[in-house]
1. When only residues in the range 225-275 that are farther than 18 Å from Pro153 by Cβ and β-branched (Val, Ile, Thr) count, which is surrounded by the fewest Cβ atoms within 10 Å (Cβ to Cβ)?
2. Working only within the range 117-140, note down all residues that are surrounded by 14 or more Cβ atoms within 10 Å (Cβ to Cβ) and of a type in the set (A, V, I, L, M, F, W, C).
3. Return the residue satisfying two criteria in turn: it lies in the range 275-287 and is charged (D, E, K, R) and in a helix (DSSP H, G or I), and of such residues it is modelled with the lowest pLDDT.
4. Return a yes/no flag: does the range 160-177 have any residue that is among the β-branched types (Val, Ile, Thr) and closer than 19 Å to Asn383 by Cα.
5. So Thr330 passes all but one of these: (1) free of Cβ contacts under 8 Å to residues at least 60 places away in the same chain; (2) within 24 Å of Gly215 (Cβ to Cβ); (3) surrounded by 12 or more Cβ atoms within 10 Å (Cβ to Cβ). Which condition number does it fail?
6. Tell me the residue from Glu242, Glu290, Glu226 that is assigned by TED's automatic domain parsing to the domain that holds Ile374 and either assigned to a strand (DSSP E or B) or in contact (Cβ under 8 Å) with a residue 12 or more places away in the chain (or both), please.
7. In the range 336-350, what residues are small (Gly, Ala, Ser) and surrounded by 12 or more Cβ atoms within 10 Å (Cβ to Cβ)?
8. Would you be able to tell me the number of residues in the range 84-105 that are more than 12 Å from Pro40 (Cα to Cα) and at pLDDT 85 or above?
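The values are calculated or read from the model by the stated rules, or taken from the named source; none is laboratory data. Values in this document were obtained by computation on a predicted structure and should not be read as measured data. In this analysis, Cβ positions are derived from the backbone assuming ideal geometry, glycine residues included, and neighbour counts consider all displayed protein chains.
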Amino acid sequence: MPGRLTPGVYPVDVIPAPAPGFLTGVPAFIGRAPMGPATPRRLTLWPEFEAAFGGPGAGFLYDAVRGFFENDGAACYVVRLDETGRETPSPDVLERALATLDDVDDVDLVCHPDLAAEWPSGADLDTVTGPQRALLRHCRDRGDRFAILDCPPADDPELAARQRAVLNGTDGAAGSYGALYYPWLRVGDRDRRPRHVPPCGHIAGVYSRGDRRVGVHKAPANEVVEGALDLRSDLTAAQAGELYARAVNCVRALPGRGIRVWGARTLSDDPAWRDVSARRVVVSVHRWVERFMRGLVFEPNDIRLWVRIMRELTAYLDGLFQRGALKGRTAEEAFFVKCDSETNPAEAIDAGMVVTEIGVAPSAPAEYIVVRVIHGASGVTINAV
């Protein structure tokens, strides 16, 4: 009968632990600090930064990380630049810092607040754009990260537009792996005295906040920037519109609405990759596919493996579709997954590869972006076409 139990048998409710979430909006902040490790340190609270890296240093790392947490950022990594014995930074310092992030899978954003700060007024823009292009190439080569870049501390909107034009000329499609923001923010320092800081840390917090509230497909725009008291430059609507048309994302002070991010464009001219949300959706697909494929290394390369790949990828992409990340009236319109004898001819099988094609229609551009996944003995290669 219901409710009756065998003597000595007691019911115990067991609630399985939830599967670990796939966290997005996790930046790696690279910069200067008075102390701390030169290897990545994961932080989930602002006081952890001060305990590990100290107070304000010579650069803007302190301000960027604080701005991230002020805007409800969930988690980040901090890499202190190893500049031992150097009076001025050099390219190999940045390369070493990026190399320390090679094995950190959680990171999907990259910020370096000190790069734009090093631009002397009137100097060649290459002082800033050279290292920033290195960040863009890093994100493109990995395929699973996006760079949030700052303009120099200048009151000239035309300089920001020229900076974007230079960055868009980065090798290959690297321009679609980053976005540029103007102008700098006015914030209170440790003693609440006002100072101007690069916006990347606060913007990264906006990305993280939107990812958790809506999803990675949420455009990081028309969002309030918390912790900002004012802006270094007040843009008119016409100036902001001109910059946005040239793919520079503005931060604006809007009467009655606070200080807000006003734009969500990448550096790219390609319509398919023009929107930050489109690139970040595909970046997230890349990260998920790479993690899933790692568990299939050395599995027999036959139809059973192909069916398993199709089933798992279809379930994941259907989840994105249900959350609104992909556009279409039906799942069939929003994405496709193909892993069969056509994508895996005999020569591919003999070479030890499994080839899967994925097509997704991100909600912003509403155009198919084809991702080709090649799973071989050397690892997983994912190319977005």
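1. The qualifying residue surrounded by the fewest Cβ atoms within 10 Å (Cβ to Cβ) is Thr236.
2. Ala117, Trp119, Leu125, Val128, Ala134, Leu135, Leu136, Cys139
3. Across the range 275-287, the extreme among qualifying residues is Arg287.
4. Among the residues of the range 160-177, at least one is among the β-branched types (Val, Ile, Thr) and closer than 19 Å to Asn383 by Cα, which makes the answer yes.
5. It fails just one condition, (3).
6. Glu290 is the lone residue from the list that is assigned by TED's automatic domain parsing to the domain that holds Ile374 and either assigned to a strand (DSSP E or B) or in contact (Cβ under 8 Å) with a residue 12 or more places away in the chain (or both).
7. Across the range 336-350, the qualifying residue is only Ala348.
8. Here the count works out to 4.
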